[in-house]
Amino acid sequence: MGDIKSIEKNEDGYLLIFEKGSVPARIEINEANMISSLWFGNYSLVNDSLSDIVEKFRNLSGDVSISVIKNNSEKIITYNDQQKMAVGSAFKLHILKVLYQEIANTEKNWHDIIELNEKNRSLPFGIIQNWPEGTPVTLKTLSILMISQNDNTASDHLFDYLGHKKLEAEFSEENIPFLKTRELFILKFSDKKEIREQYLNSSVEEKRKILKEISSEKLKNVEIGDKPVSIDKLEWFLSTEELARIIFELKDAEEIKINSGLVQKKITIWQAIKMDWNQVF
């Protein structure tokens, strides 16, 4: 937005004028003449346009992909929207979509029970990786935890419940075999690095055999570092258009409405920051 040029007072507080836009702001002073709250609203850019936005993304380093679709039909912004890229935990949206299809098209029910098992115990994020083996949980509980808490152990149990054939049905070869989080952690971060090289240089059928062999590997031998490992080869790969369409299909799903993050209706940015800060401690 550039350097700040001026500050205008108005009925709602202040308007901060920058070189390339403006930001509404409010400040409150307590009885001790100290700042008790400071709020900044959404910024507005001067002479902004969709083409300018796309151009800014084009100028970023690395691979960039954008897909903004209105009502799953009208493409508003697209740039490299067909390029498949590593999506991390967003792959769980695909599991949720397939689970909804399974519930709708079979006699399976959200109240069906799965017992937690050791072979699907994964690493955090999540909470149920610490629950006892044999704990009974419903499909709905697992789906809620998978999405609202990014629970890896929940997603791996749902993966087994649905089966790799159904999860892989819509995917091209870069996602086959479709990996559980546990499998990904072991392949990427196990102290047995030769497993990763063997896997990457194997056929699909050989890869499935390797995944079966490592299913009993102990997670204590896995140490996640702070640098990406084989990000272009070992991951879950989707295009931004695919993600946009999955999100549209799940627009009414209860799971994605539970944890809205910092963006909530009828709440100021300042209140949201205070809420998040309190959660840290």
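Annotations for the structure displayed:
- Treating each Cα of the chain as an identical point scatterer and summing with the Debye formula, the log10 of I(q)/I(0) at q = 0.13 Å⁻¹ comes to -1.07.
- In a DSSP loop and with at most 13 other Cβ atoms within 10 Å, there are no chymotrypsin sites (Phe, Trp or Tyr not before Pro) in the stretch 44-104.
- Among the trypsin sites (Lys or Arg not before Pro) within the stretch 150-239, those in coil by DSSP and having at most 10 neighbouring Cβ atoms inside 10 Å are 218.
- Exposed GluC sites (Glu not before Pro) absent - longest run of the chain, DSSP non-H/G/I/E/B, at most 14 other C-beta within 10 Å: 32-106
- Close amide H contacts of residue 116 (hydrogens built in the peptide plane, cut-off under 5 Å, sequence separation of 5 or more or a different chain): 134, 135, 137.
- Sorted from longest to shortest, the spans of the Cα atoms of the stretch 1-48 along the three principal axes equal 41, 19, 15 Å.
- Neighbour counts of C-beta atoms inside 10 Å place 94, 111, 164 in the sequence 111, 164, 94, starting with the fewest.
- Nonlocal amide H pairs with residue 77, under 5 Å, H built at 1.01 Å: 68
- Among 153, 78, 181, sorting on how many other beta-carbon atoms sit within 10 Å of each Cβ, with the fewest leading, yields 78, 181, 153.
- Alpha carbon centroid spacing (whole Å) that separates the stretch 1-38 from the stretch 91-140: 47 Å
FYI, it's all coordinate maths here, none of it is from the lab. Treat the numbers as computed from the prediction; the structure is a model and nothing was measured. FYI the Cβ positions are ideal-geometry reconstructions off the backbone, even for glycines, and counts take in every protein chain you see.
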